[in-house]
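Worksheet: one structure, shown below.
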Amino acid sequence: MNQPPNPAAEQAALPGCWWHPNRPTGLSCSRCGRPACPDCLREAPVGFQCTDCVHTGGQEQRRQHRGYQDAGFGQRTVFGARLSQSVLVTQVILAVNVLVFVATVVQAKSLDRNDLSSLLQYGALYGNATMGHGEWWRVLTNGFLHYGPIHLAVNMFSLWMMGRSLEQVCGRGRYLALYFVSMLGASTAVLLFDDPTGLPGTAGASGALFGLMGAYGVTVLKLRLNPTGLIITLALNAFITFGIANISIFGHVGGLVTGALVTVALLYAPQVKQARWQAIGIGIIVVALLGLLAYRGAQAVPTPNCDFLQYREGLYYTCR
């Protein structure tokens with residue numbers, strides 16, 4: 001004859017919960033195997049785990065995630081850069097421009113007529129001085145010099161507005177390449193197409209800034225974003241470029257085209273070994289620009305006589 005079930009005896013045979021010994025349980029953690037009551041178990045991808053294992057697993061997952069990011073992996077932008085809120089490069093470029101402007105003001109002893117300083121004259125882009133006299137540093141130094149506080153303020157405001165978002169999405173290295181290659185492209189266009197004897201010399205960060213604008217345009221088209229802001233920005237800058245006197249049209253156009261080409265090389269690079277293909281694309285653009293500069297320099301007649309020339313109540317450095 002079968003004996004009737006004895007619930008008390010069955011409960012006595014069950015182990016107690018690891019955290020609540022007075023609670024008999026037939027359940028256990030699928031990770032550590034310790035007995036656990038329903039209140040101490042949490043649903044896991046496989047079975048149920050105790051609260052201690054869930055906490056330990058979360059810590060291990062966070063450590064693995066940090067190591068994954070430190071190794072250069074993790075979530076990346078469309079340019080292949082790691083997500084970052086840093087705008088350090090933009091801040092440094094802005095600070096350098098302001099410091100150079102202050103130096104020209106101190107040297108010229110004038111806030112509005114800082115173009116009388118020799119620092120600005122020896123760094124601005126003059127075609128004859130650059131090509132005929134071999135002063136090739138001007139293709140980059142002119143991008144950090146400005147004529148007067150308004151010129152500086154407009155360019156630095158544009159740099160701050162466009163540079164912050166582009167630096168975050170491009171990453172520091174790609175953003176630096178975009179900025180300086182655009183500056184080189186703007187100077188190349190000036191030397192190729194502008195009057196080499198023109199006064200005053202070309203200076204300002206606007207060539208590089210138009211490169212950022214070109215990058216903005218390519219990004220909008222690639223990602224199919226709302227183009228309203230881009231159209232307004234292009235229209236406003238087109239009016240400034242063609243409607244205001246003494247604006248370097250070729251510098252602006254050259255920077256815009258170069259920045260767009262650099263962004264195409266960054267955005268359309270194959271995903272496999274993306275950074276390498278991006279570097280190759282930018283390298284091709286730089287080599288092409290240097291080749292154009294060498295070609296233009298070979299056409300120039302050497303002009304050893306370089307001096308300051310009186311022009312509109314000011315002295316300007318040029319070579320004749």
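The calculated pair-distance distribution of the range 149-189 uses every alpha carbon pair, bins of 5 angstrom beginning at 0, and gives 5, 21, 21, 25, 20, 7, 0 percent. Each Lys or Arg adds one and each Asp or Glu subtracts one; over the other residues with Cβ under 15 Å from the Cβ of Leu119, this totals +1.
For the range 24-167, with all protein chains in place and a probe radius of 1.4 Å, 60% of the accessible heavy-atom surface sits on carbon or sulfur.
Return the whole-Å distance between the Cα centroid of the range 87-126 and the Cα centroid of the range 214-257. Rounded to whole Å, the Cα centres lie 25 Å apart.
Shown is the FRET efficiency for Leu236 and Glu43, computed with R0 = 45 Å from the Cβ-Cβ distance and rounded to the nearest 0.05: 0.20.
So which chymotrypsin sites (Phe, Trp or Tyr not before Pro) in the range 85-159 are both in a DSSP loop and have at most 12 other Cβ atoms within 10 Å of their Cβ?
On the way: sites: Phe101, Tyr122, Tyr126, Trp136, Trp137, Phe144, Tyr147, Phe157; in loops: Tyr126, Trp136, Trp137, Tyr147.
Here the sparse-neighbourhood loop sites are Trp137.
Take the Cβ atoms of Trp137 and Asp52, set R0 to 45 Å, and the FRET efficiency comes out at 0.10.
The values are calculated or read from the model by the stated rules, or taken from the named source; none is laboratory data. Not measured: the values here are computed from a predicted model. Every residue, glycine as well, gets a Cβ built from its backbone with ideal geometry; the counts of neighbours run over all protein chains shown. These accessible areas exclude ligands, DNA and RNA; they are computed on the full protein's heavy atoms, side chains included. Shrake-Rupley method; radii C 1.70, N 1.55, O 1.52, S 1.80 Å.
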